[in-house]
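First up is the structure itself, then whatever we jot down about it.
All of the numbers you see were taken from the coordinates with simple rules; none came from a lab. Since this is a predicted model, take the numbers as computed values, not measurements. We place every Cβ from the backbone using ideal geometry, glycine too, and count neighbours over all the protein chains shown.
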Amino acid sequence: MLLIATSCSVKYSFTGASISPDIKTFSVAYIDNQAPTKQATLSDVFTEGLKEKLRTGTGLSMVTSFGDLQFEGAIVEYATNYLGVTASQQAASNRLTITVKILFTNTKEPTKNFEKRFSRYYDFDATQNLSTIETAAIKQISDQIIEDIFLEAVANW
């Protein structure tokens, strides 16, 4: 009876992660920016942000490749669009949208593998230039997308 109880255990953390005790490592491949519009730091922000979230949120060891949990992907959209129009036919606000496609492989539990797009946006006043809000917008969007990836991969929500 004790053998059955211990072989079915799951490791939980305060971050919401529930990970099988068989899983010891993770790897994150460089998340390349394949969006038509390029932003110089975006790939580094996502790659390093995801590594940090997994390091602090799971207690797993990071390896350079072939981890028990493997993350790879690409930034597929980085775009600014107009939202709403004022009475004088001017744009009232703009929206910066970032979409990342992630391929997640769980080598110990293949039924949890996925390939999925994660997208978030940041709205800003049309009178603001993108370059003045871009760093803050990228930080907010990337934090949200990384949290979404984390929850999808290890929180079983």
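Summary table below
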quantity	calculated
In Hz, Karplus ³J(HN,Hα) per residue of the stretch 99-104 (6.51, -1.76, 1.60; θ = phi - 60°; x = Gly, Pro)	10, 10, 9, 10, 10, 10
Rh by Kirkwood over Cα pairs, then Stokes-Einstein D for the stretch 113-157 at 1.306 mPa s and 10 °C, µm²/s	131 µm²/s
Cross-link pairs K38/K139; K24/K112; K53/K116; K24/K116 - those with Cα-Cα distance over 21 Å	K24/K116
For G73, distant residues with modelled amide H under 5 Å away	D32, L103
Positive-end extreme of charge dipole, the stretch 93-157 - chosen from I149, N106, S131 (charges on Cβ)	N106
Computed FRET value (nearest 0.05) for S20 with M62, which takes r as the C-beta separation and R₀ as 22 Å	0.80
Charge dipole (debye, nearest 20) of the stretch 10-155; +1 at Cβ of Lys and Arg, -1 at Cβ of Asp and Glu	200 debye
Cα Rg over Rh - the stretch 16-157, Kirkwood	1.06
DSSP-defined beta bridges in the stretch 10-155 - what % are antiparallel, rounded to 5	80 percent
